[in-house]
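Engineer: The structure that follows is given in the form of structure tokens.
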Amino acid sequence: MTSVSLLVINYRSSALAVDAIATARAASSRPLQVIVVDNSVDAAEADALRTISDTVIAPPSNLGYAAGINAGRRSCDGDVIVVSNPDVRFGEQSIDRLVDANAAVAGPKLFWDDAHRWMLPPAELHTRREVIDRVLASHSRAWARRRECRRFRQRVAFWSLDQTTPIRALSGAVMAIRANAFDTAGGFDERFPLYFEENDFLRRVKGDIVYVPSARCRHLYNQSAAGSPEAVSLYARSELLYLREWGGAFAKKFEGNLESPAPEGGQIDDIVLEASPLASFETAAGHFGSDVTDISEDIWSTYRGDVLHLRDVDRQTGRVLRSWTKARIRT
């Protein structure tokens, strides 16, 4: 039987990590070896995780996500290593289905809510072509409208997948990685302290990378939406390093901030409701159909921002039918 290690990288989120580990155990018919790397530099955080883990590694300083994964891998005995953020809740049989995909790397279908109604957006590899496309959209309203429609259709196609499918990019929130594929790729590049480390890793992996929609997990989407200065700085730093490594850095410096106005249209039945922390909807979660019209409390309770942007979109044409904002109600 294939053996499995769960590797959780925690940073000041022990309560969430405890839930992630408990749901992971319930989602696997195989015994799980649980390894936690606690980057919190807080004895209370590490202590909270010791009773539910086989091994807790508590370095004297924050290693970052990539280096934390590499440090934890050395303690993983499993044939498959399920790397996870602490803010993940594993659905029924999700780990079994990821392992049974028998791929170098497998990722689950991610949802924003416990009811598994709000689907999270597909990951992107951030290729040179994608960067140039985004730069051109920042300088041309016509290009921006075409790009927005194209990206919407790509999200709908991704959300509609119901079979295990080869894919180029996966969310780093949960990845089931074959140990031999991890080692052959040389692990994660520790130059990336946060952001883009999974993109870089996936481009170096030898073997199949697959998306497994039958494996369902909840992820607390866009926890950095409030945009702390440190997170913004780390993102910019990692993006520049990644683009220098894989191409596209030359185009990034030409990027502008053009906003494209949303087209208007009439109400139809076949719609997709999208929600995003960004007014541009550069990334968005989505729900098919008109039975959901509002953001549920379990989403608001974990969302760090004060405003969400919502819109109804024609599923067939990508035309925006209406858009509005929803503000958090403070009590």
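Engineer: Which value, in debye to the nearest 20, gives the size of the charge dipole of the chain about its Cα centre, when Lys and Arg are +1 and Asp and Glu are -1 at the Cβ?
Structural biologist: Values: 41 positive and 43 negative charges, 215 e Å.
Its charge dipole is roughly 1040 debye.
Engineer: While we're on this one: What Kirkwood hydrodynamic radius do you get for the chain when you take the inverse of the mean 1/r over all pairs of distinct Cα atoms, in Å? Walk me through the intermediate numbers first.
Structural biologist: On the way: mean 1/r = 0.0484 Å⁻¹.
Answer for the chain: a Kirkwood hydrodynamic radius of 20.7 Å.
Engineer: Next up: Could you name the aspartates and glutamates in cross-link range of Lys206, using Cα to Cα under 12 Å and dropping any fewer than eight places away on the same chain?
Structural biologist: In chain and number order, the partners are Asp183.
Engineer: Can I ask one more? What FRET efficiency comes out for the pair Asn180/Ser140, r = Cβ-Cβ distance, R0 = 35 Å, nearest 0.05?
Structural biologist: Efficiency for this residue pair is about 0.15.
Engineer: If contacts are Cα pairs under 8 angstrom and at least 6 residues apart, what is the relative contact order of region 1-86 in percent?
Structural biologist: 46
Engineer: Turning to a different aspect of this structure: Enter the Cα centre distance for the pair region 147-196 and region 97-134, rounded to the nearest angstrom.
Structural biologist: Measuring centre to centre over Cα atoms gives 5 Å.
Engineer: What's the ranking of 129-137, 171-179, 1-9 by average number of surrounding C-beta atoms within 10 Å, highest first?
Structural biologist: Highest-to-lowest ranking by the protection proxy: 171-179, 1-9, 129-137.
Engineer: Now, a different point. Relative contact order for region 87-196: what is it in percent, counting Cα pairs under 8 Å that are at least 6 residues apart?
Structural biologist: 38
Engineer: Also: Whole Å is fine, so just give me how far the alpha carbon centre of region 48-82 lies from that of region 229-252.
Structural biologist: If we compute the Cα centre of each part, the gap is 26 Å.
Engineer: For helix 141-159, report the angle its Cα long axis makes with the longest principal axis of the Cα atoms of the chain; keep it between 0 and 90° and round to the nearest 10°.
Structural biologist: Its long axis makes an angle of about 50 degrees.
Engineer: Could you tell me the ratio Rg/Rh of region 1-104? Both radii from Cα atoms, Rh via Kirkwood.
Structural biologist: Answer for region 1-104: 0.95.
Engineer: Continuing with the same structure: Regarding region 129-191, what is the average projected area of its C-alpha convex hull, in nm²?
Structural biologist: 6.6
Engineer: May I ask for the percentage of alpha-carbon pairs in region 91-185 that lie more than 20 Å from each other?
Structural biologist: On the way: 2168 of 4465 pairs.
Distances greater than 20 Å cover 49 percent of the Cα pairs.
Only the coordinates and a few stated rules stand behind these numbers; no lab work does. Predicted model, so just to flag it, every value in this text is computed and none were measured. Every residue, glycine among them, receives a Cβ derived from its backbone with ideal geometry; neighbour counts consider all protein chains shown.
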